[in-house]
Amino acid sequence: MPIANERRWSVDDVWALPDDGNRYETVDGELLVSPTPRFVHQRAVARSGVLLSGYVTAERLGEVLWSPYDVVLDPFTLVQPDILVIAPVGPDVVRGDVRPPVPFLAIEVLSPSTARADRLRKRPRYQQAGIECWLVDLDSELIERWTVDAERPEVCGEQLVWSPPGARSPFVLEVAAFMRQVLGPVRDAGA
């Protein structure tokens with residue numbers, strides 16, 4: 001959720017904020033503040049991250065990381081995608097001697113408090129930086145897949161198929177089944 005003020009926030013300004021349980025990001029100098037995610041949000045992050053991690057490892061594409069993890073795109077843009085995929089790294093990155101590469105995939109699980117910023121601020125910024133973005137919409141039970149040059153998303157309600165460069169086979173996510181796994185108890189309680 002954006003903070004309404006005229007200050008232009010830098011990455012260094014965000015890093016100087018207190019560790020108070022909120023998640024702070026800045027996109028083109030606009031401060032975004034998110035509260036601690038809900039259980040169902042974290043469940044969606046964990047389940048999708050595990051599925052994606054197995055694929056990325058098997059295909060030797062790099063690393064899957066979970067938030068909180070700072071991705072610095074420029075001095076005024078620091079984002080923390082819920083899940084990100086980066087190219088393989090060497091010991092210099094693991095030791096912290098150099099910054100890791102910019103991700104080639106960022107996934108945001110939409111929450112009521114973050115959906116607007118995820119869709120309207122972060123998603124276009126990911127695309128501008130050359131990062132594919134998936135928006136996992138638990139309320140609509142679909143995933144919006146935004147490729148780097150897309151003007152509109154591929155709306156995936158049944159299946160998402162991702163064929164990143166260098167992969168021998170595609171990643172296939174059965175979206176409806178995934179949503180049933182994540183939302184099953186919520187759906188059952190509402191029936």
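Within the range 142-170, track down each residue that is open to solvent by less than 70 Å² (accessible area, probe 1.4 Å), within 18 Å of the chain's Cα centre (by Cα) and either among the hydroxyl-bearing types (Ser, Thr, Tyr) or within 16 Å of residue 115 (Cβ to Cβ) (or both).
142, 143, 144, 146, 147, 153
Which ones in the range 142-163 are in a loop (DSSP other than H, G, I, E, B) and of a type in the set (Lys, Arg)? Quick ask: steps written out before the conclusion?
To start, the set of residues in the range 142-163 that are in a loop (DSSP other than H, G, I, E, B) comprises 147-153, 157-158, 163.
The answer is 152, and nothing else.
Determine whether the range 53-60 contains at least one residue that is among the aromatic types (Phe, Trp, Tyr) and farther than 23 Å from residue 172 by Cβ. Break it down into steps so the answer makes sense when it comes.
Start the filter on the range 53-60 by keeping residues that are among the aromatic types (Phe, Trp, Tyr), which leaves 55.
Those still in the list that are farther than 23 Å from residue 172 by Cβ too: none.
Scanning the range 53-60, I find no residue that is among the aromatic types (Phe, Trp, Tyr) and farther than 23 Å from residue 172 by Cβ, so the answer is no.
Among 95, 116, 99, 123, which is closer than 26 Å to residue 141 by Cβ, of a type in the set (D, E, K, R) and over 13 Å from the mean Cα position of the chain (by Cα)?
Numbers: 95 fails: closer than 26 Å to residue 141 by Cβ; 99 fails: closer than 26 Å to residue 141 by Cβ; 123 fails: over 13 Å from the mean Cα position of the chain (by Cα).
Sole residue among the options that is closer than 26 Å to residue 141 by Cβ, of a type in the set (D, E, K, R) and over 13 Å from the mean Cα position of the chain (by Cα): 116.
Take residue 47 and tell me if it is touching a residue at least 60 places away in the same chain (Cβ under 8 Å) and not in a helix (DSSP H, G or I). First the steps, then the outcome.
Details: touching a residue at least 60 places away in the same chain (Cβ under 8 Å): yes; not in a helix (DSSP H, G or I): no.
Taking the combined requirement at face value, the residue does not satisfy it.
Please go through the range 65-74 and pick out each residue that is of a type outside the set (S, T, N, Q) and surrounded by 12 or more Cβ atoms within 10 Å (Cβ to Cβ). Walk me through it before giving the result.
Kept after step one, since they are of a type outside the set (S, T, N, Q), are these residues of the range 65-74: 65-66, 68-74.
Once the filter is applied, which keeps residues that are of a type outside the set (S, T, N, Q) and surrounded by 12 or more Cβ atoms within 10 Å (Cβ to Cβ), the range 65-74 yields 65, 66, 69, 70, 71, 72, 73, 74.
Being within 13 Å of the chain's Cα centre (by Cα) and either more than 17 Å from residue 27 (Cα to Cα) or not aromatic (Phe, Trp, Tyr) (or both) is the filter here; which residues of the range 126-138 pass it? Working first, answer last.
Taking the range 126-138 first, the residues within 13 Å of the chain's Cα centre (by Cα) are 126-127, 131-137.
Listed by number, the residues that qualify are 127, 131, 132, 133, 134, 135, 136, 137.
Tally time: how many residues in the range 10-64 are exposed (fewer than 14 other Cβ atoms within 10 Å of the Cβ), closer than 14 Å to residue 80 by Cβ and of a type in the set (Asp, Glu)?
Summing the residues that are exposed (fewer than 14 other Cβ atoms within 10 Å of the Cβ), closer than 14 Å to residue 80 by Cβ and of a type in the set (Asp, Glu) in the range 10-64 gives 1.
The values are calculated or read from the model by the stated rules, or taken from the named source; none is laboratory data. Keep in mind that this is a model prediction, so the values were computed, not measured. Cβ atoms come from the backbone with ideal geometry, glycine included; neighbour counts cover every protein chain shown. These accessible areas exclude ligands, DNA and RNA; they are computed on the full protein's heavy atoms, side chains included. Shrake-Rupley method; radii C 1.70, N 1.55, O 1.52, S 1.80 Å.
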